[in-house]
Structures are given as C-alpha cells and as structure tokens.
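Chemist: This is the structure I have questions about; it appears just below.
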Amino acid sequence: MQNFHREKSNSTASLYINSTMSAPVTKEIIQCMGRALHFAIAEHVEDPTPHRLDHVFSEKHKPLDSNCNFNAIPTIGNIEYFLALIFNAEQLSAECGVMAMAYIERLTELTGLKFKLATWRKIVLGALIVASKVWEDQAVWNVDFLSVFPNVNVRDLNRLERQYLTAIQFMVSLKSSVYARYYFELRALSDKDENHFPLDPLDHESQEKLELRSKGIEEEELAKRPKKSQSVC
C-alpha cells in the first residue's frame, strides 16, 4: 500500500455512507479503504495477463448484483458505496477493514493475482469475510447480507471464503505489528489529522485478542485441510 492518491470521494457515496453508517469510525475507515483500493485497482487493472484464480473472483459468469461495470475503473465513490453496503449489512467493525487490507495484500503477494474490473469486488468481499471470521466473536454473514447482493447465496459465500483461505495458504494469523502498519497507512489517507482520526490503534488487550484469535483460527483451518495420502515405500 504505497503512494496512494488522496482523491476526494463523490457526493453520492458520501451521502449514502452518512445516511447508513452511525459510527464515524466506520465511515472514516471506508473512505480510507476506498482511496487505497482505487489506487491499487487503477494501477493494475489494464494488465490483460490471465491468472489461474481469475475464475474464482470473476463476476462475468455470476455477478454479485446488477451494478457490475467491466468497462471502467471504479471511482473512489463506487468503491466506498460497495464497502458501505457490506459494512452496513453485517455491522462490521472498523478493525475488519484494516485487517481486510492486510489479507488483500497477502493474497496478491502469495499468488501474484492482480485486480481486474471483473474481480476486484469479490477479492475485497472475500477479504472482509476472512477478516470478520477472525476478528468478530461470532460468524456475521447471514441472510440479511443476501438481500444486499441478490445473486449470492450462503453456499456462494462459503465457497468464496474457502477459496480465499486456500489461496492464502490458510495464513490468517496477523501480528499486531502487521495490523499497525496497515492501520497507519490507512490513517495517512484520511483528511483528518492523527488527533482527530476516530479509530485508535489497538490497545494491549486488543493486540492480544488479534494475535490469539488469528493464530487459533489459522490452526483450525490448517487442521481442516484434506491430508494428502502418503505412499507406502
């Protein structure tokens, strides 16, 4: 997450976020994520090189909804609106946004996958599913979410989560220092200075929660993997 442009959000997205999000901290993290993701998408979206995971994240055959646009780079406002739909439907905490950015970069680094116009939304959605699984005290993806994206069902969400976990080799553990890096990079994209940014860094208790929960879930997911059969010599 380097050298992101500090572009302004459009008024439509801002109005939607302001009308649906009650917590200033959530509004702010969505705006920072929108700016970071816009830069990342715009940087790589014109690369036509196919990737083995394109079919996993592509919406060309099964779009999330009717708002797909495969012909234009999404604006910051488009991205904010997409994020706000998810955060609002599932009442995700702002910390999930920070963690999602870490998982997105982990995905791209481990697989070489780059954003495309048809894949960016499912890449972001998958990262948020994984982040919420790690951070929240209980699973948050439910039938309320399905009304947001009418073409998606519970099986689709479970499949996306499983494919995302497989792609990142089930490496969901996050050190508090890694979280802090993404937190400060997102905060740097805010129009607010550090004294007025509504999301504080993790305190000691939350740092322990992050490391223990993420490590525990990683171990659980690794244990669920089908074991390769061993040949007898």
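The values are calculated or read from the model by the stated rules, or taken from the named source; none is laboratory data. Predicted, not measured: the structure shown is a model, and the values here were computed from it. When we count neighbours, we look across all protein chains shown, and the Cβ atoms used for this are built from the backbone with ideal geometry, even at glycine. To get the accessible areas, we keep the full protein, side chains included, count just its heavy atoms, and leave off ligands, DNA and RNA. Shrake-Rupley method; radii C 1.70, N 1.55, O 1.52, S 1.80 Å.
Chemist: Quick check, is V130 open to solvent by less than 10 Å² (accessible area, probe 1.4 Å) and in contact with a Ser or Thr (Cβ under 8 Å, 6 or more places away or on another chain)?
Modeler: When the stated conditions are applied, V130 does not pass them.
Chemist: Please work out which one of (1) at pLDDT 95 or above; (2) within 17 Å of V130 (Cβ to Cβ) is the condition K224 fails and give its number.
Modeler: Among (1) at pLDDT 95 or above; (2) within 17 Å of V130 (Cβ to Cβ), K224 violates only (1).
Chemist: Now for a different question. Out of all the residues in segment 70-117, which are part of a loop (DSSP other than H, G, I, E, B), open to solvent by 10 Å² or more (accessible area, probe 1.4 Å) and more than 25 Å from S190 (Cβ to Cβ)?
Modeler: F70, N71, A72, G112, K114, K116, L117
Chemist: With the requirement that a residue be open to solvent by less than 80 Å² (accessible area, probe 1.4 Å) and under 19 Å from G34 (Cα atoms), what does segment 181-209 give you?
Modeler: So in segment 181-209, the residues open to solvent by less than 80 Å² (accessible area, probe 1.4 Å) come out as 182-183, 185-190, 193, 197-199, 201-202, 206-207, 209.
Result: Y182, Y183, E185, L186, R187, A188, L189, S190, D193, F197, P198, L199.
Chemist: Among the numbered criteria (1) closer than 23 Å to A167 by Cβ; (2) touching a residue at least 40 places away in the same chain (Cβ under 8 Å); (3) among the aliphatic types (A, V, I, L, M), which one does A42 miss?
Modeler: Unmet condition: (2).
Chemist: Now, a different point. Which pairs do you get when a residue that is in contact (Cβ under 8 Å) with a residue 40 or more places away in the chain and under 18 Å from D65 (Cα atoms), found in segment 150-168, comes within reach of a residue that is in a loop (DSSP other than H, G, I, E, B) and aliphatic (A, V, I, L, M), reach meaning Cβ atoms under 7 angstrom, with the pair 6+ apart or on two chains?
Modeler: Short answer, once both residue conditions are applied: N151/L64; V152/L64.
Chemist: Please pick out the residue among M33, M21 that is of a type in the set (A, V, I, L, M, F, W, C), modelled with pLDDT under 90 and open to solvent by less than 30 Å² (accessible area, probe 1.4 Å). Walk me through it before giving the result.
Modeler: Details: M33 fails: modelled with pLDDT under 90.
On inspection, the qualifying residue turns out to be M21.
Chemist: Of these, H51, H44, H38, H61, which one is open to solvent by 10 Å² or more (accessible area, probe 1.4 Å) and either within 24 Å of L199 (Cβ to Cβ) or at pLDDT 95 or above (or both)? Show your work before the answer.
Modeler: Numbers: H51 fails: either within 24 Å of L199 (Cβ to Cβ) or at pLDDT 95 or above (or both); H44 fails: either within 24 Å of L199 (Cβ to Cβ) or at pLDDT 95 or above (or both); H61 fails: either within 24 Å of L199 (Cβ to Cβ) or at pLDDT 95 or above (or both).
Just one listed residue meets the conditions, H38.
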